[in-house]
1. Any idea how many residues of the stretch 87-104 are open to solvent by 20 Å² or more (accessible area, probe 1.4 Å) and touching a helix residue (DSSP H, G or I) at 6+ places or on another chain (Cβ under 8 Å)?
2. Which condition from (1) within 28 Å of Y248 (Cβ to Cβ); (2) open to solvent by 70 Å² or more (accessible area, probe 1.4 Å); (3) aromatic (F, W, Y) is the one that Y29 breaks?
3. Inside the stretch 174-190, can you point out the residues that are open to solvent by 10 Å² or more (accessible area, probe 1.4 Å) and in a strand (DSSP E or B)?
4. When the residues of the stretch 121-143 are narrowed to those that are among the hydrophobic types (A, V, I, L, M, F, W, C) and open to solvent by 40 Å² or more (accessible area, probe 1.4 Å), which ends up nearest to S21 (Cα to Cα)?
5. L135 versus (1) in contact with a Phe, Trp or Tyr (Cβ under 9 Å, 6 or more places away or on another chain); (2) touching a residue at least 24 places away in the same chain (Cβ under 8 Å): which is the lone unmet condition?
6. Mind checking which residues of the stretch 138-152 are touching a residue at least 24 places away in the same chain (Cβ under 8 Å) and closer than 21 Å to K217 by Cβ?
7. Please indicate, with yes or no, whether at least one residue in the stretch 40-49 is without any contact (Cβ under 8 Å) to a residue 60 or more places away in the chain and surrounded by fewer than 16 Cβ atoms within 10 Å (Cβ to Cβ).
8. Does D197 fit the bill of being open to solvent by 20 Å² or more (accessible area, probe 1.4 Å), touching a His at 6+ places or on another chain (Cβ under 7 Å) and at pLDDT below 95?
Amino acid sequence: MIKPITPTENLLFSTIRLETSQGVGTGFYFLFELDDNKKVPAFITNKHVIDTDKKVTFSLHFAENRQPLKDVITVTYESEWIFHDKYDLAFTFANPLFEKIKRKFGKNVFVIPLTENLIWDNERLKNLSAVEDVLMYGYPIGLYDEKNVLPLIRRGVTASHPAIDFNGEKIGVVDIACFPGSSGSPILIVNEGSYTDKKNNGVVIGSRVIFLGILFKGPIYNSEGEIVIKDIPTRLVSITPQMINLGYYIKSEVILDFKEKIKEKIRIK
């Protein structure tokens with residue numbers, strides 16, 4: 001197994017391939033930071049990936065000396081998923097599973113969560129251009145590196161300006177191939193080594209990672225010539241409509257709405 005060093009390598013260990021009775025989707029690890037400096041790891045995906053399921057099956061890499069091993073554990077995790085009040089997002093706590101694995105096997109799991117510092121609000125996103133290169137990590141039509149249990153990476157560009165709320169919602173659009181299984185995939189701007197500075201019209205030496213959002217739906221073109229916006233499915237179906245390689249993502253800042261729900265749950269416990 002590789003020792004992740006670069007941002008694109010680190011992100012290989014940020015997602016999970018979720019199997020439910022609905023099909024296959026993508027989830028990712030996220031580390032919430034609460035007011036008392038408490039850090040809470042969570043799994044996040046779309047509501048429609050989970051639907052009514054409480055059980056999800058996925059695989060995790062074991063860790064040794066803070067590096068990933070090729071050895072993995074496949075688990076069926078039964079937990080409470082908490083849904084966002086408005087947007088197609090859901091999360092569940094990750095620590096109970098991590099602790100259970102540690103007790104049973106005497107090993108930690110290797111994950112590299114997405115973090116709050118990767119999230120830019122619209123004010124910061126104004127520093128970006130209308131067209132930015134993006135990457136999407138996930139499991140299109142359920143495909144992945146089965147031997148090493150790693151996701152696939154797709155490349156595209158922003159189709160709406162990242163700082164603008166598309167149609168007045170906390171949503172953005174990317175020009176990228178979106179297929180069943182990609183629901184819940186994180187979409188990121190990842191620049192390794194250098195990137196263009198819009199303000200100075202120059203090149204900045206260094207790397208940056210910006211977590212733009214989470215894929216959740218996309219427009220399709222049906223046999224009657226109508227454009228329909230639909231959830232990215234979790235399973236393959238035989239249909240006439242064709243996807244047109246556009247994806248809608250929920251802006252990452254929406255994830256932070258979950259912090260109040262997390263505080264309420266922790267207080268209850």
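1. Residues in the stretch 87-104 being open to solvent by 20 Å² or more (accessible area, probe 1.4 Å) and touching a helix residue (DSSP H, G or I) at 6+ places or on another chain (Cβ under 8 Å): 3 in total.
2. The number of the failed condition is (2).
3. The answer is D175, V190.
4. Restricting to residues being among the hydrophobic types (A, V, I, L, M, F, W, C) and open to solvent by 40 Å² or more (accessible area, probe 1.4 Å), the top hit is I141.
5. (1)
6. Listed by number, the residues that qualify are G138, Y139, P140, I141, G142, L143, P151.
7. No, because not a single residue in the stretch 40-49 is without any contact (Cβ under 8 Å) to a residue 60 or more places away in the chain and surrounded by fewer than 16 Cβ atoms within 10 Å (Cβ to Cβ).
8. Taking the combined requirement at face value, the residue does not satisfy it.
The values are calculated or read from the model by the stated rules, or taken from the named source; none is laboratory data. Computed from a predicted model, the values in this text were never measured in an experiment. Positions of Cβ are backbone-derived with ideal geometry, glycine not excepted, and every protein chain shown enters the neighbour counts. Ligands, DNA and RNA are stripped out before the accessible areas are found, and what is left, the full protein with its side chains, is counted by its heavy atoms. Shrake-Rupley method; radii C 1.70, N 1.55, O 1.52, S 1.80 Å.
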